[in-house]
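So the structure is just underneath, and the comments pick up after that.
The values are calculated or read from the model by the stated rules, or taken from the named source; none is laboratory data. Nothing here was measured: the structure is a model prediction, and the numbers come from that model. Glycine gets a Cβ as well: all are built from the backbone with ideal geometry, and neighbour counts include every protein chain shown. Areas reflect the complete protein model, heavy atoms only, side chains present, ligands, DNA and RNA absent. Shrake-Rupley method; radii C 1.70, N 1.55, O 1.52, S 1.80 Å.
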Amino acid sequence: MPVRPLKLAVVGATGAVGRAILEELEDREVPLSVVRLFASPASGYRTASLRGDELEVEPLGDKSFRGLDLAFFAAGPSVARQWAPKARAEGCTVVDVSPAFRGEPDIPLVVAQVNPQALSGIESGGLVASPSGAAVALSLVLAPLHRFAGIDRVVATVLHSASGAGREGVRQLESEVVALLNGEEPEPSESSHRMGFNLVPQVGEVVAGGYTSEEVAVGAELRRLLDAPDLRATATVVRVPIFYTHSVAVNLQTSRKLAPDEARALLREAAGVKVLDAPGERVYPMPMLVVNDDAVLVGRIREDPSQERGLDLFIAADNLRRGAAANAIEVALLVQEQIEQRAAKPL
Ligand SMILES: NC(=O)c1ccc[n+]([C@@H]2O[C@H](COP(=O)([O-])OP(=O)(O)OC[C@H]3O[C@@H](n4cnc5c(N)ncnc54)[C@H](OP(=O)(O)O)[C@@H]3O)[C@@H](O)[C@H]2O)c1
């Protein structure tokens with residue numbers, strides 16, 4: 001934890017991730033001296049609450065980042081591309097949770113417990129990208145297994161909750177479920193198929209080879225986070241009709257044999273991971289067990305009889321908390337600690 005209280009901004013403070021960042025700051029008792037909250041000029045929200053105080057929500061402007069240590073960007077890629085450079089020019093460090101910079105090799109893509117070494121040398125005014133919610137959860141589980149046994153291949157089926165589509169996704173699912181339970185036809189959404197009592201096998205835009213952007217990102221981000229450029233990975237991402245928490249059914253092949261008991265033992269020691277794996281007693285990860293929690297749940301760990309050195313497992317993690325807010329804050333605190341330590345060292 002940094003020693004000096006932080007001066008920070010949350011851009012997108014009225015959105016699903018922005019609110020989760022405010023909750024995390026509160027839960028973790030991060031010392032703060034200045035907090036500025038930003039949303040679009042048209043935001044319907046004029047205030048947001050933090051630690052019992054109602055803080056003003058402002059539109060972004062030229063002086064928004066002046067004098068601040070750090071800014072969380074949770075307002076989507078176009079806002080990040082436009083405003084992150086302005087924040088950096090004021091010496092304000094940026095942690096962006098959008099996909100804007102995740103694929104840029106010069107910008108660190110970091111999960112605090114997985115590859116903190118990628119932050120070394122970062123200065124005030126630096127920029128760090130936080131991965132997609134699914135990649136954060138997957139990397140926390142796969143990193144210890146990869147370190148011990150090497151992972152050659154990953155096949156992931158990601159079950160994306162409605163809140164993965166932000167505030168609007170939650171509203172859409174809510175109104176559809178209410179309409180359907182009342183025997184009414186829900187209002188059609190312009191941007192998505194019906195989520196209520198449905199499964200939609202498309203999250204993100206369709207890109208090369210018929211994959212979606214979210215599916216391609218899972219493999220690309222895992223290769224960077226695990227420092228495993230040769231990792232073979234494929235994903236199917238499906239929107240499922242629950243409000244919060246992404247779940248992932250994972251099949252993997254390791255370089256050397258890893259028994260389920262060994263995997264369980266490794267994961268019991270892993271930071272941020274909780275093993276729930278007693279299927280005979282109906283104990284396993286489920287979204288309802290982890291909403292508003294920062295842990296990644298893993299269970300149903302079993303040997304895959306269809307291949308050599310194969311394992312199957314099931315993961316659940318809150319996409320807004322663990323998948324975005326908790327990681328963004330942990331990364332920001334690591335960066336700030338480094339900056340303070342460097343400033344305290346005699347020349
Ligand atoms: N949802 C997830 O599970 C998740 C997980 C990891 C990463 N992410 C990423 O996080 C980002 C935010 O996602 P979200 O789910 O929180 O979306 P969201 O609920 O739609 O929130 C978007 C936020 O951005 C603000 N905003 C929009 N235009 C703006 C502008 N011109 N200036 C300042 N603020 C502006 C909105 O404010 P208004 O009140 O004005 O609309 C709102 O606060 C996305 O890039 C997403 O990919 C999301």
Restricting the range 14-27 to residues that are of a type in the set (A, V, I, L, M) and more than 6 Å from the ligand (Cβ to nearest atom), the one surrounded by the most Cβ atoms within 10 Å (Cβ to Cβ) turns out to be 21
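Kindly establish whether residue 184 is without any contact (Cβ under 8 Å) to a residue 40 or more places away in the chain, out of contact with any His (no Cβ under 7 Å at 6 or more places or on another chain) and in a helix (DSSP H, G or I).
No; evaluated as a whole, the condition is false for this residue.
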Scanning the range 148-185 residue by residue, those within 16 Å of the ligand (Cβ to nearest atom) and either farther than 24 Å from residue 99 by Cβ or open to solvent by 70 Å² or more (accessible area, probe 1.4 Å) (or both) turn out to be 167, 168, 171, 174, 175
Log entry, pairs with first residue in the range 98-127 being in contact (Cβ under 8 Å) with a residue 60 or more places away in the chain, second being among the small types (Gly, Ala, Ser) and surrounded by 20 or more Cβ atoms within 10 Å (Cβ to Cβ), beta carbons closer than 6 Å, six or more apart or on different chains, reads 102/129; 109/129; 111/139; 113/272; 114/139; 114/143
Among 11, 57, 35, 30, the single one that is crowded, with 16+ Cβ neighbours inside 10 Å, away from the ligand (no atom under 14 Å from the Cβ) and at pLDDT 95 or above is 35
Output for Cβ contacts, cut-off 9 Å, separation at least six or different chains, first residue open to solvent by 10 Å² or more (accessible area, probe 1.4 Å) in the range 325-336, second assigned to a helix (DSSP H, G or I), reads 330/116; 334/116; 334/119
In the set 260, 285, the lone residue that is touching a Phe, Trp or Tyr at 6+ places or on another chain (Cβ under 7 Å) and either open to solvent by less than 30 Å² (accessible area, probe 1.4 Å) or under 24 Å from residue 214 (Cβ atoms) (or both) is 285
Counting only residues in the range 119-146 that are of a type in the set (Ser, Thr, Tyr) and modelled with pLDDT of 95 or more, the one nearest to the chain's Cα centre (by Cα) is identified as 132
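Quick check on the range 84-104. Is at least one of its residues more than 16 Å from the ligand (Cβ to nearest atom), open to solvent by 20 Å² or more (accessible area, probe 1.4 Å), out of contact with any Lys or Arg (no Cβ under 7 Å at 6 or more places or on another chain) and at pLDDT below 95? Break it down into steps so the answer makes sense when it comes.
Initial filter on the range 84-104 (more than 16 Å from the ligand (Cβ to nearest atom)): 88-91, 93.
Going one step further and asking which of them are open to solvent by 20 Å² or more (accessible area, probe 1.4 Å), we end up with 88-91.
Now restrict to residues that are out of contact with any Lys or Arg (no Cβ under 7 Å at 6 or more places or on another chain): 88-89, 91.
Checking the rest, the ones that are also at pLDDT below 95 come to none.
So far as the range 84-104 goes, no, none of its residues is more than 16 Å from the ligand (Cβ to nearest atom), open to solvent by 20 Å² or more (accessible area, probe 1.4 Å), out of contact with any Lys or Arg (no Cβ under 7 Å at 6 or more places or on another chain) and at pLDDT below 95.
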Reported set for the range 133-147 where residues are open to solvent by 10 Å² or more (accessible area, probe 1.4 Å) and within 16 Å of the ligand (Cβ to nearest atom) is 133
Screening 235, 271 for residues that are small (Gly, Ala, Ser), open to solvent by less than 70 Å² (accessible area, probe 1.4 Å) and touching a strand residue (DSSP E or B) at 6+ places or on another chain (Cβ under 8 Å) leaves only 235
Go through the residues of the range 217-228 one by one and say whether even a single one is of a type outside the set (S, T, N, Q), without any contact (Cβ under 8 Å) to a residue 12 or more places away in the chain and closer than 25 Å to residue 318 by Cβ. yes
Those residues of the range 60-83 which are touching a residue at least 60 places away in the same chain (Cβ under 8 Å), away from the ligand (no atom under 12 Å from the Cβ) and of a type outside the set (Asp, Glu) amount to 67, 68, 70
Filtering the range 296-324 for residues that are touching a residue at least 40 places away in the same chain (Cβ under 8 Å), open to solvent by 50 Å² or more (accessible area, probe 1.4 Å) and among the basic types (Lys, Arg) leaves a count of 2
(Q) Criterion first (within 16 Å of the ligand (Cβ to nearest atom) and among the acidic types (Asp, Glu)) does residue 261 satisfy it? (A) no
Inside the range 186-204, the number of residues satisfying the requirement of being open to solvent by 90 Å² or more (accessible area, probe 1.4 Å) and aliphatic (A, V, I, L, M) is 1
Residue 291 meets each of (1) in contact (Cβ under 8 Å) with a residue 24 or more places away in the chain; (2) open to solvent by 20 Å² or more (accessible area, probe 1.4 Å); (3) part of a loop (DSSP other than H, G, I, E, B); (4) away from the ligand (no atom under 16 Å from the Cβ) with one exception, condition (4)
Among (1) under 24 Å from residue 111 (Cα atoms); (2) assigned to a helix (DSSP H, G or I), residue 261 falls short only on (1)
